[in-house]
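Read the structure below first, then the notes.
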Amino acid sequence: MRTMFWVACSVLLLGCDSDDVEEFLDYDDGFNKNYYRVSNLTGEDIDVYIRSSDYDGDKRNPFKSKYRKLKQLSDGQQKEFSYRHNYTTQINIGASFSYDDANQTYQEYSVDYNRDYHLIVWQQGENLNHRFYKRRDNHKDDKITLRVISVVENGLLETPEGNFNMVRGDISEQFRIENCATSVFFNGVEVDLCDGDYGKSYLVILDDNRTLIVPEK
C-alpha cells in the first residue's frame, strides 16, 4: 500500500508533502477499526485525541482539532468512539482539559487489529495521567466478572478468589463474584458492585470516594 502511494505521487508529478503523508497514514480502509472506551476521573471536562503514528512507526503529536474524537467529556462519565488506524498499528492517544489545553498528555501505543480498548484518564497532582488497556470480555452467565484499577493509591484488593497487591494505575487479574452482596474490599473498605449485572464483564475504577463501573464489552 505504501509503495502504491509513492508511485501515484510520482506519476502525477506531485510532491508528497507532509499533509499528503498524513492523509495516507490516517486512511479509512474498513478493515482495522477498533473501539476505545474513555473513562474520565479528572474532576474536569476533557477532550480526547487520537492519531496514527508516521510510516516508520514514530509517535506524532495528536493535539489538532481534526484528530479530536471526544469534546467536553464530563467528569465521572465514560464514552466510546471508533478509529481506523493505519498499517503501522501504532497510535497516539492524548487528553487535555477542555478549558485548559496547556495541561495535556499523550502517549504512543501498539494496537491489534479489531480489538477494543479502555483509556482511563485521571488527575495526579496538577497533571493529567492516563492508562491504556485491552478490554477483556470473559463472562460467565451466572456470575459478575470483574477487573479492578485504583487511580488514587496503592493497596490490597481482597476478593473471593484471592487477594491482589495493587499499584496505582495498574489493573488486577480478572475474578468473579456470585452476586453484588459478595464482599470485595480495597484497603479494608468495601467496594459497592451492585451496578453490575449477571453474565457481564466490567472494569471497576476506584477513585477518591467513588467507584465507576465500566462495561468491558
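Checking the structure you have, find out if any residue of region 36-56 is under 28 Å from PHE175 (Cβ atoms), in a strand (DSSP E or B) and polar (S, T, N, Q). Write out each step before concluding.
Just the residues of region 36-56 that are under 28 Å from PHE175 (Cβ atoms), to begin with: 36-42.
Okay, now just the ones that are also in a strand (DSSP E or B), so 36-41.
So of that shortlist, the ones also polar (S, T, N, Q) come out as 39-40.
Scanning region 36-56 turns up at least one residue that is under 28 Å from PHE175 (Cβ atoms), in a strand (DSSP E or B) and polar (S, T, N, Q).
Examine region 174-191 for a residue that is of a type in the set (Gly, Ala, Ser), out of contact with any His (no Cβ under 7 Å at 6 or more places or on another chain) and surrounded by 17 or more Cβ atoms within 10 Å (Cβ to Cβ), and state whether such a residue exists. Before you say what the answer is, go through the steps one by one.
Taking region 174-191 first, the residues of a type in the set (Gly, Ala, Ser) are 181, 183, 188.
Right, trim to out of contact with any His (no Cβ under 7 Å at 6 or more places or on another chain) and you get 181, 183, 188.
Remaining after also requiring surrounded by 17 or more Cβ atoms within 10 Å (Cβ to Cβ): none.
No.
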Cβ-Cβ under 8 Å pairs, at least 6 apart or on other chains, region 64-91 side on the phi > 0 side of the Ramachandran plot, far side aliphatic (A, V, I, L, M) and in a strand (DSSP E or B): GLN72/ILE46; GLY76/LEU41; GLY76/LEU212
Which numbered condition VAL151 misses (of (1) over 17 Å from the mean Cα position of the chain (by Cα); (2) surrounded by 18 or more Cβ atoms within 10 Å (Cβ to Cβ); (3) in the same structural domain as PHE175 (by TED's automatic domain parsing)): (1)
Complete set of residues in region 63-92 that are of a type in the set (A, V, I, L, M) and modelled with pLDDT of 95 or more: LEU70, LEU73
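Please specify each residue of region 193-215 satisfying the condition of being among the charged types (D, E, K, R) and under 26 Å from ASP116 (Cα atoms).
Pass one, region 193-215, residues among the charged types (D, E, K, R): 195, 197, 200, 207-208, 210.
The answer is ASP195, ASP197, LYS200, ASP207, ARG210.
The values are calculated or read from the model by the stated rules, or taken from the named source; none is laboratory data. Keep in mind that what you see is a predicted model, and the values were worked out from it rather than measured. Neighbour counts run over all protein chains shown; Cβ positions are idealised from the backbone, glycine included.
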